[in-house]
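Single-structure report; data block below.
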């Protein structure tokens, strides 16, 4: 087992190197560099720029150097010092910007994930067991509608409802009075009051997909001979269904569970943008729009690393749960 | 005892009490189980299918009752109706399933119990055990054997996991599984087919039920393994004092083990009686047909006009020292992967004379299919020669030809597959399926192609008008005819038939064998007939070759091999074949074969 993990981690390293190069290459693609953009902006505002400071920055980030030199400086600063560079737009270190938004992003991501699975799995299983009943049709119907409605539309509708019915402020994660307030019970309750809109909006679409897949997997498994065997043992329906077919129908989810890791981090960009949430997704969008290359590059790199780690986690989970994978029989 | 469990037991007792009967149609006192006018219906979108249609039968306490019938006769549905585990959307509609657990006890109507209620659940597994056909799919692949067996003890006898473990290990030992302590934690795919079926039997018997229902428990097994499982069942039945209900399509097995026989067809019982009467004085026409269709070992049926078996003529195909090695990745959990070499075919030499039928027999895993595929050059043999005599007398070594050079021979050596369902593309019409070999070879197209396909359909006993249909519209036997038509459309000289009749019912099997014999006579075909079924091989083959673990252990003319087998393995194989006559039961001794240690 440890050997397997070690091998997998070793495989991850070249992947990460390649990803970081591509990420850096892409953020370098637009013409010009951020220093000249910055100088232009400052001069347009009528400020003078200190040439010595400019030179220091140039040297610090290797601007003007060949691609490889810039890349090596960038990546070695990240790996050795945890320094992702400076965001131009915000004039703050990238790591600070990300760290500021990380707790909220994770809160939203984890809440959404739990909401989605808590609803989708039981609904999918119920829908399969009660196939061709009103319960099944209702769940499937709601699922299709949720899948078909664009998220930004649902976000707008729910934000309006929140405003009209509960007198909530539109957008953001906090009411205006709490935005800059220190953390406390009141702020937390306020957060929960706002969090439900993005959680429901993002969750519903994912829920619908998971319900369909669970239902289809369960229908495949429910008529397998081993289910009849379990029934012939005298197990109750509830116990036999959860012990046998559900266990196998979960495989596709377990094998993709790790993919949720990066989405916990960037969240749903469009919904977050529409609802003006202070998560990392909108930050990435903003950075891309304004050519803020270290900010964009840093976020993209973290997402890529999380994707690779998530896949590794999925593989290990699947091997832990399904003996056929463990023994190379499936 | 938790209140929940107490409630459950109280509910179960109450349900059973409510289903207890004492009325005008009492049960035969000597019977353990009696079905009265049982009807089970599958309510599908296409209408109701009466899988079990007014079935009445009786199972005597302590007896072995065999339910015989061809596929679709409703024998499995009957068995599953008894404890109400019929596949969705089936349902027990009417009739009674009277069950008397002890000779002087109350009679319970199992059909009156709620199919998911605690009453029937307390009987399933504890009083009535069930063994299924395919142990691989009937056991969960992601739970250990011990978990799946021990679950019954925890459920019905409220044993703690550790006490259950002890019992399970004892029972695994009892059914003949070596090293049961290790096997307790094994998964199904780590066991061989025979071991899996033993585990399944241990599971069904772990609560010591009074009735064991075995639904085709040996059909998926080799003949020698089948013999072991039948012996095991007989011994367990004796020592545990149970009653056995055995469902099978194999009359040979019936003759070996049954006390009583019930013959079923189209969901109805056509005849029931003691085994001797069924075999020697069958009353119903259908029973007589079934017995007549039986390829009886020892009864010479088809006599082939000896086609130059002894002539020194060059054989159509000479297999010389053929070897086929597979590299299998093996290794422990996450450990270093070793490559393991498997010699599937090990230095096999075999002559296939033109116009003859050569039978290739052996158990699963012996390499007979691999040999067949090497002959077809679906595999490239690791070593050895495949010397093929062309129509012009030239000899070519097929083993070394490139894919391109092989093309003309691909039309001359063809294959008929085992599974008539899996080997036809469901999205192609019969015309496309049969015509494809000609079309890809560029031999015919358009109306000429259609004409040849239709002529071939008629040749194999189907109608020209069927060409436009898709495979699902045909029965198993008809599909196998389509498969034969596809093999013969290129006018081949050698046909490899890999278990071509194994998946078919006995009556259909006879028709297909007759068709093959007729086509051989008319078209001058040569067959390499691969089968595990010795009775079929004896009936149609001129030459027989026996394989064991990749090695050819014996070959010769069919009569000689069957009458006077030289090799120990051949003798073991022959002695394991059930004889379809209850009067011969116990007259033969079973020979076991242990390979001598390699010097």
Stokes-Einstein D for region A:101-283, Kirkwood Rh over Cα pairs, 25 °C, 0.890 mPa s (µm²/s):
136 µm²/s
Would you mind getting the Kirkwood hydrodynamic radius of region B:426-491 from its Cα pairs, rounded to one decimal in Å?
11.5 Å
What FRET efficiency comes out for residue B:2 versus residue A:317 if R0 is 35 angstrom and r is the Cβ-Cβ distance? Round to the nearest 0.05.
0.60
For chain B, list log₁₀ I(q)/I(0) at each q in 0.06, 0.07, 0.08, 0.09 Å⁻¹, using the Debye formula over Cα point scatterers of equal strength and ignoring solvent, two decimals each.
-0.37, -0.50, -0.65, -0.82
What average number of partner chain Cβ atoms lie no more than 10 Å from the Cβ of the residues making up B:184-190?
3
How large is the translational diffusion coefficient of region B:353-458 in µm² per second when you combine the Kirkwood radius over alpha carbon pairs with Stokes-Einstein at 20 °C and 1.002 mPa s?
132 µm²/s
Here, residue B:234 and residue A:216, labelled 7 Å along Cα→Cβ, have an inter-label distance in nm of 5.1 nm
For region B:30-91 and region B:223-299, compute the distance between their C-alpha centroids and round to whole Å.
17 Å
What FRET efficiency would be calculated for the residue pair residue B:563, residue B:281, taking the C-beta separation as r and a Förster radius of 41 Å, to the nearest 0.05?
0.85
Considering only C-alpha atoms, what is the centroid distance from region B:519-581 to region A:203-228, in Å?
48 Å
Shape box of region B:167-255 [Cα atoms, principal axes, largest first, Å]:
37, 27, 16
Sort A:302, A:19, A:26 so that the residue with the fewest other Cβ atoms within 10 Å of its own Cβ comes first and the one with the most comes last.
A:26, A:19, A:302
Only Cα pairs under 8 Å and at least 6 apart count here; give the relative contact order of chain B as a rounded whole percent.
13 percent
Per residue of A:217-228, other chain Cβ atoms within 10 Å number on average 4
Divide by every residue of chain A the summed helix terms, -39500 (n - 2.57) for each DSSP H run of at least 4, and state the resulting mean residue ellipticity at 222 nm, rounded to the nearest 500 deg cm²/dmol.
-25000 deg cm²/dmol
Residue span residue B:583 to residue B:411: 0.36 nm per residue of separation minus Cα-Cα distance leaves a gain in nm of 57.0 nm
Antiparallel content of DSSP bridges confined to the protein assembly as shown, in %, to 5:
60 percent
Extension gain from residue B:491 to residue B:14, taking 0.36 nm per residue of separation minus the Cα-Cα distance
164.7 nm
Give me the percent of Cα-Cα pairs in the protein assembly as shown that sit more than 54 Å apart, rounded to a whole number.
34 percent
At a Förster radius of 51 Å, what calculated FRET efficiency corresponds to the Cβ-Cβ distance of residue B:522 and residue B:179, to the nearest 0.05?
0.40
Nearest-5 percent of antiparallel DSSP beta bridges in chain B?
60 percent
How far apart, in nanometres, would the label points at residue B:594 and residue A:58 be if each is projected 7 angstrom from Cα along the Cα-to-Cβ direction?
9.0 nm
What angle do you read, to the nearest 10 degrees and between 0 and 90, between the alpha-carbon axis of helix A:293-321 and the longest principal axis of chain A?
20 degrees
Using only Cα atoms, tell me the angle between helix B:446-459 and the longest principal axis of chain B; keep it within 0 to 90° and round to the nearest 10.
60 degrees
Quote the Stokes-Einstein diffusion coefficient, in whole µm² s⁻¹, for region B:91-175, based on the Kirkwood radius over alpha carbon pairs, a temperature of 20 °C and a viscosity of 1.002 mPa s.
142 µm²/s
All-pairs Cα distance distribution in region B:122-171, expressed in whole percent, bin size 10 Å
24, 52, 24, 0
Burial ordering of B:109, B:22, fewest other beta-carbon atoms within 10 Å first
B:22, B:109
Where does region B:192-233 land on Rg(C-alpha)/(2.2 N^0.38 Å)?
1.11
Round to the nearest 10 and give me the degree value, 0 to 90, for the angle of helix A:34-44's Cα axis relative to the longest principal axis of chain A.
60 degrees
With each run of n ≥ 4 DSSP H residues scored as -39500 (n - 2.57), what mean residue ellipticity at 222 nm is computed for chain B after dividing by its residue count and rounding to the nearest 500 deg cm²/dmol?
-10500 deg cm²/dmol
Between residue B:28 and residue B:288, what is the label-to-label distance in nm when each label sits 7 Å out along the Cα-to-Cβ direction?
2.5 nm
Model label zone, residue A:81; criterion: amide N under 17 Å from point 7 Å along Cα-to-beta-carbon; scope region A:294-330:
A:294-295, A:298
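Quick note: the coordinates plus some simple rules give every number you see, no bench work behind them. Source: prediction; values computed, not measured. So basically every Cβ, Gly included, is an ideal-geometry build from the backbone, and we count neighbours across all protein chains shown.
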